[in-house]
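Quick notes on the structure that follows.
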Amino acid sequence: MADLSIDFCGIKSPNPFWLASAPPTDKAYNVVRAFEAGWGGVVWKTLGEDPPAVNVSSRYSAHYGKNREVIGFNNIELITDRSLEINLREITQVKKDWPDRAMIVSLMLPCEEAPWAAILPLVEATGADGIELNFGCPHGMPERGMGAAVGQVPEYVQMVTAWCKKHTRLPVIVKLTPNITDVRHPARAALAGGADAVSLINTVNSITHLDLDRMVAYPIVGEASTHGGYCGSAVKPIALNMVAEIARDPMTASLPISGIGGIGNWRDAAEFIALGAGCVQVCTAAMLHGFRIVEEMKDGLSRWMDTQGYADIAAFSRKAVRNTTDWKYLDMNYQVIAHIDQDKCIKCGKCYVACEDTSHQAIARAVDEAGTRRFEVIREECVGCNLCEITCPVDSCITMVPQESGKPYMNWTQDPRNPRAEPAPAAAVVEQAGA
């Protein structure tokens, strides 16, 4: 059976599934229930200076799919509204009772060295395994010079990280904001400041929807609302990209990553790990479905690893990074064509409508004498865009079949159609693309 235990920048955990800093980790009661359910670690909800933050009501909203499925989750909640003394006391007791679980403490303080120097010894005294610097909160705290206001300025990221490394022996994990043009810059700054790891992504700035009768966005506080932090399955593609960008950047390739953003099952976790994460953090899925979801996550990941021959997490961590490259290094001579399995086709015509109206008119529709519809791919018109496969409601009914072109690998830098082609030995370019 696969070994799920990890050592993440010196922090040991029985499995890679941690609860992210959020309402589920705001008090000992919740954290103990999580550990009883099988979570490998937690990041305690962000602590700050006393007096504690004051939250509003209400605090959450959602972006729904069909049947009220929560696709995205929005919150305007701030850091912990419980006193520093109570939080530190509870962290101490929980760590004492659960010594084998990872206990990370999230922190957010003003951009002044003195407050950090004061709080870090207190956190270290709890027996916690590490700290996470919250440089990502997009609402409430940035107006006070904290959260995303720090994470969006690489110089601040480096400065505060260096302070923390100066005043604590604990591993320092820097939590990055996605509300930035290029996430590599704050990641590089964190590394320059001495960070032991980074975690990402924090929440995305958002407004989910409005009450059109009252003309106010959700969540509604009195007669007004504000932007909040977006999370849940909808942000997973953004998070995967940013994790991969850091993992394949030569300047940060060695930096351990804790992956966050839309993780709700074992497959999500495996994807983050394959793209560079050493552990994963979960919040929204636990809030929607409860702590017991970790049972399926652990079981599913372990079973999949067994089928693939992966003995431990390290065996497939970052394995997909080498296959992630810049667009200009993709093979221009590679070609796929759609194929429709007529035995699986339910004749709904969704592929035809999508291709005919918005794509390449590469699917033909025919009706026989009995009035039965049939859809066929027009091979010479198909560009292999995948739209038909995506719109098809039947799994594996439409597949994209690779075509033998007889042409060698050629990327855009070599393509004669490129007015700025850069002649280079193919072997060298392939090596760069797979780096």
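List of remarks:
- Residues that are over 19 Å from the mean Cα position of the chain (by Cα) and not in a loop (DSSP other than H, G, I, E, B) were ranked within the stretch 323-345; the one that is surrounded by the most Cβ atoms within 10 Å (Cβ to Cβ) is Ala338.
- Complete set of residues in the stretch 306-319 that are in contact (Cβ under 8 Å) with a residue 60 or more places away in the chain and either surrounded by 17 or more Cβ atoms within 10 Å (Cβ to Cβ) or at positive phi (or both): Tyr310, Ile313, Arg318
- Of all residues in the stretch 53-63, those being assigned to a loop (DSSP other than H, G, I, E, B) and touching a helix residue (DSSP H, G or I) at 6+ places or on another chain (Cβ under 8 Å) number 0.
- Within the set Gly10, Gly40, the sole residue that is surrounded by 14 or more Cβ atoms within 10 Å (Cβ to Cβ), at pLDDT 95 or above and of a type outside the set (A, V, I, L, M) turns out to be Gly40.
Condition check ((1) assigned by TED's automatic domain parsing to the domain that holds Ala269; (2) surrounded by 17 or more Cβ atoms within 10 Å (Cβ to Cβ); (3) in contact with a helix residue (DSSP H, G or I) (Cβ under 7 Å, 6 or more places away or on another chain); (4) in a strand (DSSP E or B)) across all residues:
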{"site": "Phe35", "(1), (2), (3), (4)": "yes, yes, no, no"}
{"site": "Pro51", "(1), (2), (3), (4)": "yes, no, no, no"}
{"site": "Glu90", "(1), (2), (3), (4)": "yes, yes, yes, no"}
{"site": "Gln93", "(1), (2), (3), (4)": "yes, no, yes, no"}
{"site": "Cys111", "(1), (2), (3), (4)": "yes, no, yes, no"}
{"site": "Ala114", "(1), (2), (3), (4)": "yes, no, no, no"}
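- Candidates in the stretch 372-414 are the residues that are of a type outside the set (A, V, I, L, M), assigned to a strand (DSSP E or B) and within 33 Å of the chain's Cα centre (by Cα); of these, the one that is surrounded by the fewest Cβ atoms within 10 Å (Cβ to Cβ) is Pro402.
- Residue match in the stretch 17-25 (condition: outside any helix (DSSP H, G or I), touching a residue at least 60 places away in the same chain (Cβ under 8 Å), assigned by TED's automatic domain parsing to the domain that holds Gln281 and farther than 29 Å from Ala274 by Cα): no
- Considering the stretch 121-144, and only residues there that are more than 27 Å from Asn74 (Cβ to Cβ), out of contact with any Asp or Glu (no Cβ under 8 Å at 6 or more places or on another chain) and not polar (S, T, N, Q), the residue that is surrounded by the most Cβ atoms within 10 Å (Cβ to Cβ) turns out to be Val123.
- Residues that are in a loop (DSSP other than H, G, I, E, B) and touching a residue at least 40 places away in the same chain (Cβ under 8 Å) were ranked within the stretch 163-181; the one that is nearest to Asn205 (Cα to Cα) is Asn179.
- Being assigned to a helix (DSSP H, G or I), free of Cβ contacts under 8 Å to residues at least 12 places away in the same chain and out of contact with any His (no Cβ under 9 Å at 6 or more places or on another chain) is a description that applies to Asn67.
Quick grid of which residues meet (1) part of a strand (DSSP E or B); (2) at pLDDT 95 or above; (3) touching a strand residue (DSSP E or B) at 6+ places or on another chain (Cβ under 9 Å); (4) not assigned by TED's automatic domain parsing to the domain that holds Gly10:
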{"position": "Gly72", "(1), (2), (3), (4)": "yes, yes, yes, no"}
{"position": "Ile119", "(1), (2), (3), (4)": "no, yes, yes, no"}
{"position": "Cys137", "(1), (2), (3), (4)": "no, no, yes, no"}
{"position": "Met146", "(1), (2), (3), (4)": "no, no, yes, no"}
{"position": "Val150", "(1), (2), (3), (4)": "no, no, yes, no"}
{"position": "Glu155", "(1), (2), (3), (4)": "no, yes, no, no"}
{"position": "Thr161", "(1), (2), (3), (4)": "no, yes, yes, no"}
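- Across the stretch 264-284, the number of residues qualifying as in contact with a helix residue (DSSP H, G or I) (Cβ under 6 Å, 6 or more places away or on another chain) and closer than 11 Å to Ala20 by Cα comes to 1.
- The stretch 186-220: number of residues that are outside any loop (DSSP other than H, G, I, E, B) and surrounded by fewer than 18 Cβ atoms within 10 Å (Cβ to Cβ): 5
- Contact map, the stretch 119-146: first residue farther than 25 Å from Val56 by Cα, second residue β-branched (Val, Ile, Thr) and part of a loop (DSSP other than H, G, I, E, B), Cβ cut-off under 6 Å, separation 6 or more or different chains; pairs are Leu120/Thr168; Glu124/Thr168.
- Scanning the stretch 346-371 for residues that are on the phi > 0 side of the Ramachandran plot and surrounded by 14 or more Cβ atoms within 10 Å (Cβ to Cβ) yields one hit, Gly349.
- For the condition touching a strand residue (DSSP E or B) at 6+ places or on another chain (Cβ under 7 Å), of a type in the set (D, E, K, R) and crowded, with 17+ Cβ neighbours inside 10 Å, Lys27 does not qualify.
The values are calculated or read from the model by the stated rules, or taken from the named source; none is laboratory data. If you're wondering where the values come from, they're calculated on a predicted model, not measured in any experiment. Note that we place each Cβ from the backbone using ideal geometry, even for glycine, and neighbour counts take in every protein chain shown.
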